[in-house]
Amino acid sequence: MNIHKDTFERWSAADSADLYGVKDWGAGYFGVNDRGELCVSPFPGKSAASASLPDIIRGIKERGMNMPVLLRVSSILDSQIRLLHSSFRKAIAQTHYRGEYKGVFPIKVNQQQQVVEEITKFGKDFHHGLEAGSKAELIAALGTLDDREACIVCNGYKDEEFIDLALSACKLGFRCILVVEMPSELDTIIERARAMRIDPLIGVRMKLSTRAGGQWMESGGDRSVFGLNTADIMALVDRLRQENMLDCLRLLHYHIGSQIPNIRDIRAGVLEASRVYVGLVEEGAKMGYLDLGGGLAVDYDGSHTNYMHSRNYTLDEYCVDVIETVAETLTAKGVEHPVIITESGRATIAYYSVLLFNILDVTKFEPSRIPDRIPEDASEMTKDLVGILGNINSKNLQECFHDAIYYRDEIRILFKNGRIPLRERALAESAFWHIMVTVSKEVKKLKYVPDEFENLEAALADVYYANISVFQSLPDSWAIKQLFPIMPVHRLNERPTRNAILSDITCDCDGKIDHFTDLHDVRRTILLHELRPDEEYYLGAFLVGAYQETLGDLHNLLGDTNVVSVRISPDDGRFEIVKELEGDSVADVLSYVEYTPHDLIDRFRIVAERAVREKMITPSERRDIMALYEGGLRGYTYFER
Ligand SMILES: *Cc1c(COP(=O)(O)O)cnc(C)c1O
């Protein structure tokens, strides 16, 4: 990394690419051009077909839409689905596997209609299906998918209505598989299938004893709330046999958790499931499908490790490991190779969306100057504190750090007791921060950094105000400290000189981003460029296609952002806007929390009329104020210039 490169050396776009790790997390889809702009290149091996993000932002603004914008790059989704299938096909050929691969997309990962439609469109050649975890998701799936070769896998708890709908789908020719998650569901399935005179496609979700590391480790293991244990599975088999329905048991499913960073855990899960699959075949079930669930991870920080925001394997390795493990286990027992299904959500869709936003303002961290002469009548404490400043070196760092904190706290007490004036307290605080800056510079030279200095850098950083709500657009960044790559999308051939954290525009102190991706660790600050007057500064948050849109909330009534989908030409990289969705207006978000915008206008009009009556405003001022209020209701919930 080049951050320590001499300040006088030239800074190039390649240095920025290094600094922000674009090659590490970008999976080939993102790069930096020599104009210092971040580019999207959705077609592997065709670097000429790349579009610059600043050009796209310009195009969006010229068409009258404002930042923040969630940009969906359709062509990336297309490429990711192709890549998933071609990797599995390669692995199948390479290991002489005798079954095929079919993917399903779990709708919960991004339920937006346009997204699910594009997935079924791009997935059509590969019979890519959908996974539904609720009635609503099944209804969405049935209205979107029209490929009868594709599977619809129904997980989640099911009532009679859910089951009836899935059985009806089978009548219409869909491959709609009902996965039993709770023993009691089986009775309803048998009963409804009889009543509707249909042979259901039944699956069973097993509880793995294998547990995977990472953020979602509770999804696996004996204590997982989902699925049947082996005794339950045997009871299910016995019941089906009794009903003469063992031919209806077609699929074994498990889901070990999302974002599995370690390939060993993936292998262990597949192995355990393959053994259970063999057992079911030996019991006489017809089977034919083995569904390995989700878990295929995204390398958010680009470190290629088993850290929870990364993964220590490639897609190719994942596919080969999975196919090989199933093949070896089943071949040894003479069991026919099934269709392999995976429910990869995150890995299919993360790269597809980029959150683009502007910076509204900066609070620089710059302690005010300390006068050369300290007032004669200042307290000894203050004089001692200022005295530290000239004495800091690499040997006494910790001592100076502790002393400064001690003096500062004592001075605050003196101030509270009325013993020193406000101006002296201000002087002392400035001195304190100057000491922290000096300490932090020395800390950077240390080989081993003591824990107590860990938060220092973030405390001394500038705050860049981002025109977003973390709660709406990057909820996992707040809720589970998920890391997303974030970086400027232009000015990349200029050296970034400010150490910063990001704050959003909610008035919540959690509405900030102070964890950033790094190859070796988590960075607490990010290097950004100095803002220029009258010029917007744009950043992007990347790999946000999975889960973020769906989990977002209305904190401070900041609503959905504008969404723009672009397709990029594989020939020349020209982009074309294929879909625009205007974000929520203020009236929209207010109606979500049960206000009626009309009533609000009526009431505000009464308030304004009273002011006219009381001669506080003129009638024409009333007109302007009403126009402002109504315009506000129609407007975007984010900051507009
Ligand atoms: C959430 C979920 C998935 C998707 O997991 P990813 O890690 O995003 O691929 C798949 N299957 C089930 C049952 C899930 O609950």
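The values are calculated or read from the model by the stated rules, or taken from the named source; none is laboratory data. Since the model is a prediction, treat every value here as computed from it, not as a measurement. Methodologically, a virtual Cβ is constructed for each residue, glycine included, from the backbone with ideal geometry; neighbour enumeration extends over all protein chains shown.
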**Request:** Being hydroxyl-bearing (Ser, Thr, Tyr) and assigned to a helix (DSSP H, G or I) is the filter; apply it to the stretch 120-161 and report the residue that is nearest to Ile189 (Cα to Cα).
**Result:** Thr144
**Request:** Would you please name the residue that is modelled with the lowest pLDDT, looking only at residues in the stretch 205-239 that are basic (Lys, Arg) and either surrounded by 17 or more Cβ atoms within 10 Å (Cβ to Cβ) or touching a Gly at 6+ places or on another chain (Cβ under 6 Å) (or both)?
**Result:** Arg211
**Request:** All but one of (1) within 14 Å of the ligand (Cβ to nearest atom); (2) of a type in the set (D, E, K, R); (3) assigned to a helix (DSSP H, G or I) hold for Glu117, so report the exception by its number.
**Result:** (1)
**Asked** Consider Asp372 against the criteria (1) part of a loop (DSSP other than H, G, I, E, B); (2) within 30 Å of Gln259 (Cβ to Cβ): it satisfies all of them except one. Which criterion is unmet?
**Response** (2)
**Item:** Complete set of residues in the stretch 318-346 that are surrounded by fewer than 16 Cβ atoms within 10 Å (Cβ to Cβ), without any contact (Cβ under 8 Å) to a residue 60 or more places away in the chain and assigned to a loop (DSSP other than H, G, I, E, B)
**Value:** Lys333, Gly334
**Asked** Of the numbered conditions (1) among the β-branched types (Val, Ile, Thr); (2) more than 16 Å from the ligand (Cβ to nearest atom); (3) in contact with a helix residue (DSSP H, G or I) (Cβ under 6 Å, 6 or more places away or on another chain), Thr331 satisfies every one except a single condition; which is it?
**Response** (3)
**Message:** Under 6 Å between Cβ atoms, which residue pairs at least 6 apart in sequence (or on different chains) link something in the stretch 387-415 that is of a type in the set (Lys, Arg) with a partner that is crowded, with 16+ Cβ neighbours inside 10 Å?
**Reply:** Arg408/Phe432
**Item:** Enumeration of residues in the stretch 121-150 that are touching an Asp or Glu at 6+ places or on another chain (Cβ under 7 Å) and within 20 Å of Arg82 (Cβ to Cβ)
**Value:** Phe122, Lys124, His127, Glu131, Thr144
**Prompt:** Do you know which of the residues in the stretch 479-503 that are among the polar types (S, T, N, Q) and under 19 Å from Val463 (Cβ atoms) is surrounded by the fewest Cβ atoms within 10 Å (Cβ to Cβ)?
**Reply:** Thr497
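Rundown of residues vs (1) assigned to a loop (DSSP other than H, G, I, E, B); (2) among the hydroxyl-bearing types (Ser, Thr, Tyr); (3) within 16 Å of the ligand (Cβ to nearest atom); (4) touching a residue at least 60 places away in the same chain (Cβ under 8 Å), yes/no style:
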position	(1), (2), (3), (4)
Ala231	no, no, no, no
Asn244	yes, no, no, no
Arg250	no, no, no, yes
Arg275	no, no, no, no
Gly302	yes, no, no, yes
Ser310	yes, yes, yes, no
Asp316	no, no, no, yes
**Item:** Pair list, Cβ under 7 Å, 6 or more apart: the stretch 199-227 residue within 18 Å of Ala297 (Cβ to Cβ) and more than 13 Å from the ligand (Cβ to nearest atom), other residue modelled with pLDDT under 80 and in a loop (DSSP other than H, G, I, E, B)
**Value:** Thr210/Gly220; Arg211/Gly220; Arg211/Gly221
**Asked** Do you know which of the residues in the stretch 528-553 that are farther than 14 Å from Leu53 by Cβ and not in a loop (DSSP other than H, G, I, E, B) is modelled with the lowest pLDDT?
**Response** Thr550
**Prompt:** Would you say Val463 is within 23 Å of Cys400 (Cα to Cα) and surrounded by fewer than 18 Cβ atoms within 10 Å (Cβ to Cβ)?
**Reply:** no
**Request:** Exactly one condition in (1) modelled with pLDDT of 95 or more; (2) away from the ligand (no atom under 16 Å from the Cβ); (3) touching a Phe, Trp or Tyr at 6+ places or on another chain (Cβ under 7 Å) is not met by Pro367; state its number.
**Result:** (1)
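Of all the residues that make up the stretch 334-364, how many are away from the ligand (no atom under 16 Å from the Cβ) and out of contact with any strand residue (DSSP E or B) (no Cβ under 6 Å at 6 or more places or on another chain)?
Total meeting the criteria: 4.
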**Prompt:** Ala169: buried (at least 19 other Cβ atoms within 10 Å of the Cβ), away from the ligand (no atom under 16 Å from the Cβ) and either within 21 Å of Ser274 (Cβ to Cβ) or not hydroxyl-bearing (Ser, Thr, Tyr) (or both), yes or no?
**Reply:** yes
**Asked** Which one of the conditions (1) within 23 Å of the chain's Cα centre (by Cα); (2) buried (at least 23 other Cβ atoms within 10 Å of the Cβ); (3) not hydroxyl-bearing (Ser, Thr, Tyr) does Lys108 fail to meet, given that it meets all the rest?
**Response** (2)
